[in-house]
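Single-structure report; data block below.
Just so you know, all these numbers are worked out from the coordinates, no wet-lab data involved. Just so you know, these numbers come straight off a predicted model, no measurement behind them. All Cβ positions, glycine included, derive from the backbone under ideal geometry; neighbour counts span all protein chains shown.
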Amino acid sequence: MSEHADDQVIELIDVEKIYRVGTEIVRALRGVSLSIAENEYVAIMGPSGSGKSTMMNILGCLDIPSLGKYLLGGKDVSKLSQSRLARIRGTKIGFVFQTFELLPRTTALKNVQLPMMYALARHKKQRAMAALERVNLADRAAHRPNQLSGGQKQRVAIARALAQEPDIILADEPTGNLDSKTGEEIMDVFDTLHSEGQTIIVVTHEEEIAARCRRVIRLRDGSIASDERHEPADQDTRGPGVRAGAGSESPRVAVS
């Protein structure tokens, strides 16, 4: 259980995920229990076959447990229909993917607006531009993905996640397609968002990326092998700040 039990965003209770592959039964997750509180900055790690991708899909409401419960913001989402899970994904969870997932013929601004098109969000254009400003990319709003560097594409993807004002940002190998310097710049963006109060979960296989987080959960054979909190490597010890929109202007993220 989290030491911040009064402000839990996520709670998994004895979660199992079981697949049938031909005649074989595969237990991808085996009775996993954990809590993640508001403003935690968590890395989930594990070798191939450890269950980290399955856990990411469940945390992101892309899949549901076979057994056990998943409480998101105190609500049990483990047995919801696909349509209700889609609504939750559109409002509660901001996704950042390794491959950016940007529409190639669409501007950065419209890519950021896209998830809001399927929700009842107001002031979509203004919110999208504000999200681009938060990652210091407002001057690239009219650029298409082929006019952007890899790091800029990933910052557009982060802005797209932020525009939904999600409870959680869930990043799947967010530096996997980037060189090490650009990857560090993307992690600088996440560091700043965390300092503003954002809850962030990073799924990664890179130790240096996990070292930037404040908590590292390691999976092995579908179970939690370790769950450790630490001060991030080469970072200061800033406490949680105020989330953007809560009465103060968010600082821009200064990366090149």
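Annotations for the structure displayed:
- Once both labels are positioned 7 Å from their Cα atoms along Cα-to-Cβ, the gap between Glu208 and Leu62 label points is 2.6 nm.
- In this calculation the C-beta distance from Val26 to Asp227 is compared with R0 = 30 Å, giving a FRET efficiency of 0.80.
- Three-way shape call for segment 57-174 based on the alpha-carbon gyration tensor, with the a/c threshold at 1.5: prolate
- Between segment 184-235 and segment 11-42, the Cα center-to-center distance that results, in Å: 19
- Cα gyration tensor, segment 1-63 - rounded (a/c under 1.5), prolate or oblate: prolate
- The chain: angle of helix 180-195 to the longest principal axis, Cα-based, in degrees nearest 10: 80
- Length gained on full extension, Asp179 to Arg144, computed as 0.36 nm times the residue gap minus the Cα-Cα distance: 10.5 nm.
- Beta bridges by DSSP in the chain, antiparallel share as percent, to the nearest 5: 55
- Crossing angle, helix 124-134 versus the chain [Cα axis fit, 0-90 degrees, rounded to tens]: 90
- Close amide H pairs (under 5 Å, H built 1.01 Å from N) link Val202 with Val42, Ala43, Ile44, Ala171, residues at least 5 positions away or on another chain.
- Annotation: aspartates and glutamates with alpha-carbon distance below 17 angstrom to Lys52 (same-chain offsets under eight excluded): Glu11, Asp14, Glu16, Asp63, Asp172, Glu173, Glu206, Glu207, Asp221, Asp227, Glu228.
- Segment Leu85-Leu71, length gained on full extension (0.36 nm per residue, minus Cα span): 3.8 nm
- Relative contact order of segment 1-146, defined on C-alpha pairs under 8 angstrom at six or more residues apart (%): 20
- Cα shape, segment 43-118, gyration tensor, a/c 1.5 rule: oblate
- Helices in the chain, meaning DSSP H runs of at least 4 residues, each add -39500 (n - 2.57). Divided by all residues, the mean residue ellipticity at 222 nm is -8000 deg cm²/dmol.
- Computed Kirkwood radius, in angstrom, where 1/r is averaged over Cα pairs of the chain: 18.6
- With neighbour counts taken as other beta-carbon atoms within 10 Å, the residues Val112, Val26 rank, fewest first, as Val26, Val112.
- Partner aspartates and glutamates for Lys92 [C-alpha distance under 13 Å; skip if fewer than 8 residues away on the same chain]: Glu38, Glu165, Asp167
- Over the chain, Cα pairs under 8 Å with separation of 6+ residues give a relative contact order of 25 percent.
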